[in-house]
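For reference, the structure is listed below as structure tokens.
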Amino acid sequence: MTARGINKLTALQVKKAKPDPEKMYKLPDGGNLYLRIDSSGSKYWIFNYTRPYIAKRNDLSLGTYPEVTLEEVRAVRDDYKRLIKQGIDPAVVRLETKNQKQKEAEHTFRIVSADWLKKRELEGKQDDETVRRLNHDAFPYIGDMTFPLLTVEVLEAKVFQRIIDREALSVAKRLKSDLNQIFKSARKKKLIQYNPIEDIELPNPQGGNFAAVTEEQELAPMLNKVWNYSRIHARCLITTQAALKISVLTFQRPGEIRKLKKSYYYPEERCLKFTASKTKQQHVVPLSDQAFELINSVIDLHPHSEYIFVGRNGKTFISDNTINTALKRLGYGGKQTAHGLRATARTMLDEILEQRVDYIEHQLAHKVKDNNGTAYNRTKFLDNRREMMQEWADYLESLLV
């Protein structure tokens, strides 16, 4: 006989069942399912069955009414009866499920990551940059989630797409490596059966044009080489050295820096003003004290040229390969490009200096729209950006030895 054929109770009967002040009593629904009504009026669903192999009777609570409806409890009873036919004890299954869920709840991504980092610390590993990446790009979005919830789709949407959107592909690559190790640790703990990180695909920088250093431990040695470029490469022009430093300090597009005209420089306002090559809009670049002094040191070197950073011919601007060639000579071929300095600054300003993203985007001369759809305004956040640029220059200076 099917479960449907043995059902006896109706939803109305269950709802109207009254307590007996003297004792507890049961209303049978058939198929070993009962509604138990306590003298207090509480109503409990009970499934009574013979445990496989042990052959002992057992009462298994299936929840309370009205939290669990008659229709819902019948579905559970039918599932349990199918398990019993297979020689499986539903009480054991439920306990295992409960233990697994408790185990998962006690092993969130944040907790497992902390265990992994602690183990590495005991092994003498240095993970300052890893911790920074996790704190900035992982914990705020998935830290309190359990591993079964961290699917490929969730990881792509909550973690990696955010990093890709800010063009920090090298950060995404390093974070993927970090997460791969953490998920391997979770798999060893039997929290997951497979590692979804293995199926995460990240885009490659186009033609390698945007290779960028985005870790503080790598930025410091690169800066020291950049600031000493004229010693490393004796034939270096003063203007090349200055253009290289200005590229780091202002992180404007390479073509805009090498083509900077003296007429773009406003010393009384301590800024540069020009038309951004990408947006075709007027752009203001506040200059830090360091950048201001640097431009002042070279602007009069070639009085007959309209450009600030003049090449070897003494008239026109430096070539489009000048900065990239300098970086290659410093040993950063394939690791850092002139254009990648923008990604370097964007990542560090966001993650290390915790600057507002809209300030950074305006400084990069990206099109930024407000809630009203208003496009980039060259003077918007100008005071804030001026403070940010000074903080950026001071931070870079702090890394120099």
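Can you find a residue in segment 368-380 that is at pLDDT 90 or above, among the charged types (D, E, K, R) and surrounded by 15 or more Cβ atoms within 10 Å (Cβ to Cβ)?
Scanning segment 368-380, I find no residue that is at pLDDT 90 or above, among the charged types (D, E, K, R) and surrounded by 15 or more Cβ atoms within 10 Å (Cβ to Cβ), so the answer is no.
Out of K158, K184, K190, which single residue is on the phi > 0 side of the Ramachandran plot and out of contact with any Ser or Thr (no Cβ under 6 Å at 6 or more places or on another chain)?
On inspection, the qualifying residue turns out to be K190.
Only one of L150, L169, L83 is touching a Pro at 6+ places or on another chain (Cβ under 7 Å) and closer than 30 Å to L341 by Cβ. Can you tell me which?
Answer to the check: L169.
Mind listing whichever residues of segment 329-358 are surrounded by 23 or more Cβ atoms within 10 Å (Cβ to Cβ) and assigned to a loop (DSSP other than H, G, I, E, B)?
Q336, T337, A338
Restricting to segment 148-171, give me the number of residues that are crowded, with 18+ Cβ neighbours inside 10 Å and either modelled with pLDDT of 90 or more or in contact with a strand residue (DSSP E or B) (Cβ under 7 Å, 6 or more places away or on another chain) (or both).
Total meeting the criteria: 4.
Report yes if F160 is in contact with a Lys or Arg (Cβ under 9 Å, 6 or more places away or on another chain), closer than 25 Å to Q126 by Cα and of a type in the set (F, W, Y), otherwise no.
yes
Considering segment 78-129 alone, what residues qualify as being loosely packed, with under 12 Cβ neighbours inside 10 Å and either outside any helix (DSSP H, G or I) or of a type in the set (S, T, Y) (or both)?
Passing the criteria: Q86, G87, T97, E106, E123, G124, K125, Q126.
Would you say D137 is surrounded by fewer than 17 Cβ atoms within 10 Å (Cβ to Cβ) and not hydroxyl-bearing (S, T, Y)?
Numbers: surrounded by fewer than 17 Cβ atoms within 10 Å (Cβ to Cβ): no; not hydroxyl-bearing (S, T, Y): yes.
Spelling it out, it is not the case that D137 is surrounded by fewer than 17 Cβ atoms within 10 Å (Cβ to Cβ) and not hydroxyl-bearing (S, T, Y).
In contact with a helix residue (DSSP H, G or I) (Cβ under 8 Å, 6 or more places away or on another chain) and modelled with pLDDT under 85, is that true of R174?
Considered against the rule, which asks whether it is in contact with a helix residue (DSSP H, G or I) (Cβ under 8 Å, 6 or more places away or on another chain) and modelled with pLDDT under 85, R174 comes out as no.
Output the number of residues of segment 302-323 satisfying the condition of being of a type outside the set (F, W, Y) and crowded, with 20+ Cβ neighbours inside 10 Å.
Residues that pass the stated criteria total 5.
Looking at segment 242-255, which of the residues that are surrounded by fewer than 22 Cβ atoms within 10 Å (Cβ to Cβ) and modelled with pLDDT under 95 is nearest to the chain's Cα centre (by Cα)?
If we take residues in segment 242-255 being surrounded by fewer than 22 Cβ atoms within 10 Å (Cβ to Cβ) and modelled with pLDDT under 95, then R253 is nearest to the chain's Cα centre (by Cα).
The values are calculated or read from the model by the stated rules, or taken from the named source; none is laboratory data. Model, not experiment: these values are computed from the prediction. Please note: Cβ atoms are built from the backbone with ideal geometry, for glycine as well, and neighbour counts cover all protein chains shown.
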